[in-house]
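Undergrad: The structure under discussion is supplied below as C-alpha cells; questions concerning it will follow.
No lab work stands behind these numbers, since they all come straight from the coordinates. Computed from a predicted structure; not experimentally measured. With ideal geometry, Cβ positions are generated from the backbone for all residues, glycine too; neighbour counts draw on all protein chains shown.
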Amino acid sequence: FLTMEKFPVMPTGKIDRRALSAAYRARPAAVARGDGANPIEEKLLQLWSELLGSHQFIGRSDNFFDLGGNSLLAIRLLSRVEKDWGAIISLHELFTHPTLAEFATLLARGPAAAPFTSLIRLNSAENGLPLFVIHGWSGGVFHFLDFARSLHEARPVFGLQAIEHAEKPRHQSFTEMARHYADEMMAAHPGVAYELFGHSLGGMIAYATACELRKRGQKVARLYVADTTPLNLPSNVHRRFVIAHLEVKTHLHAVAKLPAHAWYDYWRARRRSLQEKLRRWPSRENPTRQPMEEESDYYDVIGRDFVPERAPIEIKLFTPCDRPATEIYWRYLVGPRVENFFVEGDHVDLFSATHLDSFLRAFARASEIKSA
C-alpha cells in the first residue's frame with residue numbers, strides 16, 4: 001500500500017496516472033518474498049530488483065514491463081539469464097512470459113516447451129475493442145510498448161511480431177505474412193471488428209492483413225497508418241503525387257494545420273521530398289523479382305514483389321510535420337475513406353518519449369477515444 005496526501009491530477013481534473021506510477025516506483029525498497037516463491041523465483045527476484053532498482057516491490061505476478069522494464073533493461077536481463085542459468089531466452093519469449101512466475105516457469109522447463117505465437121499482449125487492458133499493431137522492418141514491436149501502455153485505460157493492444165524472432169523460417173511474401181497474422185487474430189479474437197496499426201513498412205503489412213481479413217468475410221473497422229507510402233502503384237498515381245507538390249494551395253492547407261515553429265521545417269522538407277520524387281520519376285511499377293541473396297534486404301525484396309489490391313478500408317494516416325502526406329496514394333487504394341493527422345517528430349521517433357504525447361493526441365482524435 002502507498003499512502004498519499006492527495007492524488008496528482010491533470011489540468012482537466014482527471015487523475016494523472018503517470019505521476020501515480022512514478023510515485024509507486026519510488027516508494028521504499030522492498031522485495032516480495034515468502035509467498036510461495038521457489039528457488040528460481042527467489043534468484044530472479046534478486047536479478048529483477050537489481051535491474052529495475054532496489055526501490056521496487058516485486059511480486060510473483062508482477063509484469064517486467066509494468067515495473068518499468070524497457071528495451072535496454074530487457075536485453076540486460078536476457079544477457080544475465082544466459083550468464084547465470086546458461087539459458088538463451090529470446091525477447092519474444094520475455095514478451096509472452098512477462099511476469100516473474102511465468103518467466104521462472106519458462107526457465108525451469110526451457111524455451112523449447114513454450115508454444116510459439118506471433119501475437120503478444122502489449123498492455124494489461126481487458127475491456128474495449130482490441131488494437132493489433134503489426135511490425136515493420138525490424139520484425140519486432142518493442143518500440144510500440146510505451147504507446148500501448150498509454151492506452152491501458154482505453155483498449156487492449158496486441159503486437160504481431162515476425163516469426164523469425166522465434167527462430168522460425170521467414171515468410172516469403174507479404175501475402176503469406178498476412179494469412180498467418182489473420183489466422184492468429186481470428187483465433188484469439190474471433191468475430192470482432194478488427195482495427196490494425198502499422199508504422200513505416202508495417203503499414204503495408206497491416207494493409208495486406210486487413211485485405212486478407214476482408215476476403216475471409218471479417219469486418220475491418222479501420223486501419224491506422226503512420227508515415228507509410230504504399231508500394232508498387234501505377235506510375236500515373238505517382239505522377240499525381242508529384243504534381244500535388246507543385247500546387248501551392250496543397251501546402252498552404254497543410255501549413256495551416258501546423259504550429260508556426262514547424263513551418264520552416266515543412267517547406268524545407270517539401271523541397272527535399274520533391275527532389276527525391278523527381279529522381280524516382282516516372283514509374284513505381286512492380287519490378288521483376290530478383291533472387292534473394294544472402295546479403296539482400298529481406299523486407300525490401302518481398303516488398304518489391306507485393307502489389308496491393310484496392311479495397312474499401314477506412315484509413316487514418318499519421319504524417320510527421322517534416323514529410324508530405326500520402327493521401328493521394330492511399331486514396332487510390334481505398335477511395336475517399338482517408339483522413340490525415342499531422343504529428344510531431346520524424347519518421348523514426350514518432351513514438352519516442354519526446355513526441356509520444358503528440359502522437360497520442362492525434363490517435364485519440366483519429367480513433368474517437370477520449371484521452372485521459
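Undergrad: Sort 195-202, 13-20, 210-217, 150-157 by packing, meaning the average of other beta carbons within 10 Å per residue, with the highest value first. Mind showing how you got there, number by number?
TA: Numbers: 195-202: 24.1, 13-20: 13.1, 210-217: 17.4, 150-157: 20.0.
Highest to lowest by the protection proxy: 195-202, 150-157, 210-217, 13-20.
Undergrad: Going by the alpha-carbon gyration tensor, a ≥ b ≥ c the square roots of its eigenvalues, is segment 116-228 rounded (a/c under 1.5) or, if a/c is not under 1.5, prolate (a/b greater than b/c) versus oblate?
TA: Working: a/c = 1.41, a/b = 1.14, b/c = 1.24.
Cα axes put segment 116-228 in the rounded bin.
Undergrad: Taking the Cα centre of segment 96-157 as origin, sum charge times position over the Cβ atoms of Lys and Arg (+1) and Asp and Glu (-1), and report the length of that vector in debye to the nearest 20. Intermediate values should be presented prior to the final figure.
TA: Values: 4 positive and 4 negative charges, 24 e Å.
I would put it at about 120 debye.
Undergrad: Given Cα pairs under 8 Å that are at least 6 residues apart, what percent is the relative contact order of segment 40-144?
TA: Working: 69 pairs, mean separation 26.3, N = 105.
Once divided by the residue count of segment 40-144, the mean separation gives 25 percent.
Undergrad: Students often forget the sequence filter, so: which aspartates and glutamates lie under 12 Å Cα-Cα from Lys219 once same-chain residues fewer than 8 apart are removed?
TA: Output for Lys219: Glu195, Glu314.
Undergrad: In segment 70-152, with Lys and Arg counted as +1 and Asp and Glu as -1 at Cβ, which of these residues, Leu107, Ile120, Val81, has the Cα nearest the positive end of the dipole, that is, farthest along it?
TA: Val81
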